[in-house]
Every structure is written in structure tokens, then in C-alpha cells.
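In what follows, a structure is listed as C-alpha cells, so that the remarks can point back to it.
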Amino acid sequence: MAIYLCHERPDLYVHEASVAQARPGAVALSRSAFHPGGGGQVSDIGTIEWTGGASNVTGIEVEGDVWWHLLADESATPSGDVELAVDADHRLRVASLHTASHILNAFVFGEFAGALVTGAQINGDGTGRMDFDLPEVDNDRVRALATPVNDVIARGIAVVAVYVDAAEATRTEGLVRSMSVAPPPTPDGTLRLIDIDGIDRQACGGTHLSNTGQSPPIVITKVENKGRHNRRVRFAFAP
Ligand SMILES: [Zn+2]
């Protein structure tokens, strides 16, 4: 399931499905528009309704090819046909911050001669962080990158997903900047790239906006030194 339903249909929030497997408090479905999370991005949350019951879905637990939708009602065991709904506000918050993280990554990569991402986390509460391999860098120079990031947000630049030949993509310098956030190649040998027109192009399996202008501006809340080589950059939506 390397091409997710949420990649094919990013505008699909509510749909029907049937229960494939169930255990108390968790259910796997015939199809799901939820993003399962990964590469530091939290999964989607939402709701599920079935005949005789309903519950919030608090997240996804991936077990091999099975996506367990975790239920707030830990005793529920849904069966049959269900209606699934993705929490649109949560999706938008995460997609906005995730898209902003690509823009930040592009400016760090450009400003500091190809600095790579060593970790990332995008939370559901409107905060995130990225770790960069940045020895010997003045933290004020990192903090200053919030300005060009917000310029790109304000300019309203298109964000599109494209699929390219995976073998060729891995030979292109700068395209796969972090193995931790890059998705595995799809079964047909293609790799999903997120292209922010003229700004950034990199392999990623997360959720993103379709235009940078859909994001609120961000602030860099903290730059921390994490060991000799790593800078942890914390960011959030501007208050
Ligand atoms: Zn991404």
C-alpha cells in the first residue's frame, strides 16, 4: 500500500468501508483515507460509525500491511459496514506544518551547503521540529530563515505530488534528503516527490497542502544544539 488512498484522493474525508479485521478497540478496514503517519508525521484522527455504535479514531497503528484504526472506545469491536471520517482540521494543521517544514528544509539546504535532515516530527497540536546536520552554525542564522519561509507561504505557490522513477531519483543529488522521511518506492518502481514550484522538490510520503498560501505563517520557537552535529529547530504557527 505504498500509494495511499489519501495520496490519490487528498480531498476525500468521508467514505464507507467494511471491516476486514477487528479486535476490542481497534479495526482494520477494506479501505481508508486516513494517513497512517510515518517519518515523524502523526497519523490522521477522526471518527468511525457502524451499525449500533460510533467512536473517535485516535490514530493508526501500522502492523505490516495492516492499518489498525485505534478507537477511543477501547471495548468496541465494530463489524460489517462502517462510515469513516477524517478530522479535516487536524489534517489541515498537520499538512500545513508539514508543507512549511519542506520550505524550511529548502532554505536550510540552500543556506548551509546541502545540510541534511536527521529527524523530523510534525504534531497534531500545531507544533513541529526538524533536526539538521549543522555543525558550526550560528543559531541566529537558522532562526532568521522564518522570514523567507513566510515569504513563500505568502506568495501562494503550488504544491504538487509527482511520481518519478525511483532508481533515477536516488541518483539526483538533494532529492532524497532524509531516508527517515522518504517513502519506500511504490511496487511499480516509482517514488513520490513533493514539488513546491521553484522552491523545493523532495521525496516524501506525508500529507501536504496544494498551495503554500493555505498555511498560516510560522514562527521558529527554538533552535537547540543536539550533540556536536545536530541543530533541533522547533516551529509552530504564528500566534
Ligand atoms: Zn512531506
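The values are calculated or read from the model by the stated rules, or taken from the named source; none is laboratory data. Treat the numbers as computed from the prediction; the structure is a model and nothing was measured. So basically every Cβ, Gly included, is an ideal-geometry build from the backbone, and we count neighbours across all protein chains shown. To get the accessible areas, we keep the full protein, side chains included, count just its heavy atoms, and leave off ligands, DNA and RNA. Shrake-Rupley method; radii C 1.70, N 1.55, O 1.52, S 1.80 Å.
Tabulated results
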| quantity | calculated |
| --- | --- |
| In region 161-174, the residues that are surrounded by 13 or more Cβ atoms within 10 Å (Cβ to Cβ) and farther than 20 Å from G114 by Cβ | A161, Y163, V164, D165, A166 |
| Residue match in region 213-236 (condition: away from the ligand (no atom under 15 Å from the Cβ) and either of a type in the set (F, W, Y) or under 30 Å from D165 (Cβ atoms) (or both)) | no |
| Checklist (1) within 16 Å of the ligand (Cβ to nearest atom); (2) over 18 Å from L145 (Cα atoms) applied to L71, failing item | (1) |
| So A120, is it open to solvent by 20 Å² or more (accessible area, probe 1.4 Å), under 20 Å from K226 (Cα atoms), without any contact (Cβ under 8 Å) to a residue 12 or more places away in the chain and outside any helix (DSSP H, G or I) | no |
| Residue within region 7-30 that is among the β-branched types (V, I, T) and modelled with pLDDT under 95 present | no |
| Members of region 78-108 found to be away from the ligand (no atom under 15 Å from the Cβ) and touching a strand residue (DSSP E or B) at 6+ places or on another chain (Cβ under 7 Å), listed by number | P78, S79, G80, D81, V82, E83, L84, A85, V86, D87 |
| Criterion (among the aliphatic types (A, V, I, L, M), more than 25 Å from I122 (Cα to Cα) and either in contact with an Asp or Glu (Cβ under 9 Å, 6 or more places away or on another chain) or part of a strand (DSSP E or B) (or both)) met by exactly one of A28, A33, A17 | A17 |
| Considering residues of region 123-152 that are over 14 Å from H229 (Cα atoms) and assigned to a strand (DSSP E or B) only, the residue least open to solvent (accessible area, probe 1.4 Å) | G128 |
| Boolean, R201 is basic (K, R) and at pLDDT below 95 | yes |
| Complete set of residues in region 66-95 that are more than 20 Å from the chain's Cα centre (by Cα) and open to solvent by 70 Å² or more (accessible area, probe 1.4 Å) | E74, S75, T77, S79, D81, E83 |
| Any chance I48 is more than 27 Å from Q214 (Cα to Cα) and crowded, with 22+ Cβ neighbours inside 10 Å | yes |
| Some residue of region 6-29 being open to solvent by less than 30 Å² (accessible area, probe 1.4 Å), of a type in the set (S, T, Y) and either more than 18 Å from E83 (Cβ to Cβ) or more than 16 Å from the ligand (Cβ to nearest atom) (or both) | no |
